[in-house]
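The values are calculated or read from the model by the stated rules, or taken from the named source; none is laboratory data. None of the values given here were measured: they were computed from a predicted structure. Quick reminder, even Gly has a Cβ in these numbers, built from the backbone with ideal geometry, and neighbours come from all protein chains shown. Please note that ligands, DNA and RNA were not included when accessible areas were found on the heavy atoms of the full protein model with its side chains. Shrake-Rupley method; radii C 1.70, N 1.55, O 1.52, S 1.80 Å.
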Amino acid sequence: MHYLDHAATTPVPAEVAQAMMDVLTNQFGNPSAQYPLGQEAKKLTDRCRATVAKALGCKPERLFFTSCGTESDNWAIHAALWQGRHVGRHIITTSVEHSAILQPCKLLEQQGYEVTYLKPGRTGHVTVEQVEAALREDTVLVSMMLVNNETGCVFPVQETAQLLRQKKSRALLHCDAVQGFLKVPCDPVAWGVDMMSLSAHKIGGPKGIGALYIAESLRNPRPLLPGGGQELGLRSGTEATAQIAGFARAVELRMENHAEKLAKMAELKAYCLEKMLTIPTMVQVGRGEAPHILSLSLPGYPSANIVTDLGAKGICISAGSACHKGKSSHVVSALGLDKRTAAGVIRLSFGPETTTEDIDAAYEALREHKEKRFAML
Ligand code: PLP
């Protein structure tokens, strides 16, 4: 198998699975229990929180575990709206956010909120000037992703934080860093970001565990799940201790020789781009800087067919985001591509395990696909 879909999810290294297994079978206590087995589980959870927080550069007590990136995004939005309930009902986001932001925004529009969706330019980027032009007195939230999951474009989160400070805006800044964490510079505390979402399964951790960073300046954040008082009373529910242990172990592993891993991914991406562009008519879509995501198009060749064809050969790539399952992606639509180019968009994404052989296999399969199939559009 050649797995080139690390932006959809990542393989879990054996060390991560082992850390989880230990918790499931040995250190399985409930962290709220008073006896030693429970207290050990509590200490383990605290250690894991400290590990993830250190990698993000925040205090452990400002990092709250959730069940996934989607949950973190939803929580952040609702926490911001609650915080700014006396400020107004205007939200700024981008039209290329993940559905975990866009769908809650759609629902909020039905409830009377006004949402400005910033559209990216041809390269896939949005600018801080667009944020400035959209900012209003009654803006309560700016939600901007760090790395777009389809194009790999890095968005100006740090500059947006600066802008909000300069303008003395009362809007809170949330950043969905699910694709950016441990892939590109990411420093919510130094940047002055109010909330940031993470997800473990994009960095070699298990599915079903995420985190939300909440800045100290948010004094009494709105709890997501009131209940038994876990996560400082903000997100109740017995801690998913095995998942948490897996998340922390995955972070530790990624942090080992981190710079080299990123440099290797960037090299692979450059190698892949150069090779793929030798296939006649193949084009790059957007100009994503993130080292792990490459968006391409074979104009006129429907991406669903490409993905199925390659899949049958054991090559896993995606037609844009995995969350869109065949439907034309909102990100592709937002880039304003012509119909034929938009139809042929594919995404190849890399991880520390990716090799040049994986890329060579995808290249051969794409070349064959183009030779054997006819353009449909
Ligand atoms: N945000 C972005 C940018 C993503 O790419 C994803 C997943 O693909 C999510 C949020 C959702 O994360 P999760 O799968 O952990 O809910």
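Can you give me the number of residues within segment 135-151 that are among the charged types (D, E, K, R) and closer than 10 Å to His98 by Cα? The qualifying residues number 1. Selection within segment 77-113: residues that are open to solvent by 30 Å² or more (accessible area, probe 1.4 Å) and within 12 Å of the ligand (Cβ to nearest atom). The member of this set that is farthest from Asn149 (Cα to Cα) is Gln103. Across segment 12-29, the qualifying residues are those that are part of a loop (DSSP other than H, G, I, E, B) and surrounded by 15 or more Cβ atoms within 10 Å (Cβ to Cβ), and the one among them that is nearest to the ligand (Cβ to nearest atom) is Val12.
Being outside any loop (DSSP other than H, G, I, E, B) and either more than 19 Å from the chain's Cα centre (by Cα) or exposed (fewer than 15 other Cβ atoms within 10 Å of the Cβ) (or both) is the requirement here; does Glu71 meet it? For Glu71, the condition - outside any loop (DSSP other than H, G, I, E, B) and either more than 19 Å from the chain's Cα centre (by Cα) or exposed (fewer than 15 other Cβ atoms within 10 Å of the Cβ) (or both) - is not met. Of Lys269, Lys264, all but one fail to be modelled with pLDDT of 95 or more and open to solvent by less than 50 Å² (accessible area, probe 1.4 Å); the exception is Lys269. A search for C-beta distances below 9 Å between a residue of segment 146-163 that is of a type in the set (Gly, Ala, Ser) and any residue that is open to solvent by 10 Å² or more (accessible area, probe 1.4 Å) and not in a loop (DSSP other than H, G, I, E, B), counting only pairs 6+ apart in sequence or on different chains, returns Gly152/Lys269; Ala161/Trp191. The number of residues in segment 180-205 being open to solvent by 10 Å² or more (accessible area, probe 1.4 Å), assigned to a loop (DSSP other than H, G, I, E, B) and under 28 Å from Leu24 (Cα atoms) comes to 1.
Within segment 119-130, is even one residue assigned to a loop (DSSP other than H, G, I, E, B), free of Cβ contacts under 8 Å to residues at least 24 places away in the same chain and open to solvent by 10 Å² or more (accessible area, probe 1.4 Å)? Taking every residue of segment 119-130 in turn, at least one turns out to be assigned to a loop (DSSP other than H, G, I, E, B), free of Cβ contacts under 8 Å to residues at least 24 places away in the same chain and open to solvent by 10 Å² or more (accessible area, probe 1.4 Å). In this structure, Ala290 does satisfy being in a loop (DSSP other than H, G, I, E, B) and of a type in the set (Gly, Ala, Ser).
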